[in-house]
Amino acid sequence: MKITSIDPFLFDPGATKNLLLCRVETDEGIYGWGEAYVGYGKERVVEAYIKAMIPALVGRSAFNVRHNGQVMFSDFNIRRSAFDFFCAWSAVEIALWDIVGKKANLPLYNLLGGVSREKIRIYANGWWHGAKTIDEVVRRAVGVKAMGYSALKWDPFLMPWRTYISKKDEDAAFDNVRAVREALGPDMDLLIEIHRRLSPGHAVHFAHRIDEFHPFWYEEPCLADNMDLVARVRSEIDIPVVTGETMFTKEQFATIFQKQAADIINPDTCACSGILGILEVAAMAEPYAVAFSPHNYNSTIVGLAATAHVSAVVPNFLIAECFVDLIDGCNEIAVNPLSIRDGWVDLPTGPGLGVDIDVEKLKRRPYKDYPHKYMRHYWEEFPRQGFV
């Protein structure tokens, strides 16, 4: 079964950023869907990577998923690691697995060792984008709880990402966490996102301050490029530390484990060489008693489906991410949307990923130019206040 065509589709879901879906077709008429992780305003970079890969992949066997990936890394990318390359390859890789599952007429998780759980717990993200005040954050958080979620994640620093912060900024972030905890009660799991912004000293100090609110985790407190910084923070606080969303190779994750820098890793299926890549990383974490919680700032169709299949089979899985602000837009193009209820995703039962997309509806929602939509007010407001 040979690859005959690869078509990337930029898609505007109507919230915060464009998404990049990918359809791979074969000479047997079987097609598969994949997805690449993309960043704000840089979506076309990854699209260009996928288009550049096409001549090297057409004519290859759709079954040789691992070998195709090795060839692309060694020959196409000349053994140079690059985030955008791995995002692009992830899209193709996921689509190939979708094809293999359809050929076998089995859900993907049954080809990956079978399930360890019948449904996937998810936490809500994306609900806080654009909130400018603590009151607005609280109002939206209450809405997430009303949707049935028992865990949510947000960044309590409603300011630009800076390594060194003022007491005023830290106090505001502390008040943010306190207000959400008071509004939601003790049973909601609060996942605190720091976005790699802080120095170790600031990260440790803030973690100690919010410890009384019993956060579920403390995500990426410092720049993950220097894992010594993250390891220092983990050694000095009691809240579980998460890192890994900016990483995409086994070599990078090996450093996390060797330095004992994390309690939990959060690689992204759509950035970490797809299904095989993320399964290998999850397995690497097991001997270190590190939990696996996949990042998923991707569609609630392909990206979430791939995440659900992986999460179903990984023994050390903890919880997965779902951007609730993408659900409505994604459901508009999905032929058979995933069942998302009360903070859980039911495992799809169809062959392959178990999801499909209406291509004509997809084409009616093309790329939209709104880079950094939810951060634009930072750029407009804070320079006038002396921020750089």
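List of remarks:
- Condition check for L191: surrounded by fewer than 19 Cβ atoms within 10 Å (Cβ to Cβ) and either basic (K, R) or touching a residue at least 24 places away in the same chain (Cβ under 8 Å) (or both): no
- First in the stretch 345-364 and without any contact (Cβ under 8 Å) to a residue 40 or more places away in the chain, second anywhere and in a helix (DSSP H, G or I) and not small (G, A, S), Cβ under 7 Å, 6 or more apart: D358/I333; K361/E332; K361/I333
- Qualifying residue in the stretch 165-185 (condition: farther than 27 Å from A308 by Cβ, free of Cβ contacts under 8 Å to residues at least 60 places away in the same chain and touching a Ser or Thr at 6+ places or on another chain (Cβ under 7 Å)): no
- Considering residues of the stretch 339-388 that are modelled with pLDDT under 55, surrounded by 15 or more Cβ atoms within 10 Å (Cβ to Cβ) and aromatic (F, W, Y) only, the residue nearest to V45 (Cα to Cα): Y374
- One residue alone among N331, N336 is modelled with pLDDT of 90 or more, more than 29 Å from M284 (Cβ to Cβ), polar (S, T, N, Q) and part of a loop (DSSP other than H, G, I, E, B), and that residue is N336.
The values are calculated or read from the model by the stated rules, or taken from the named source; none is laboratory data. Note that this is a predicted model, so its numbers are computed, not measured. Cβ: placed from backbone, ideal geometry, glycine included. Neighbour counts: every protein chain shown.
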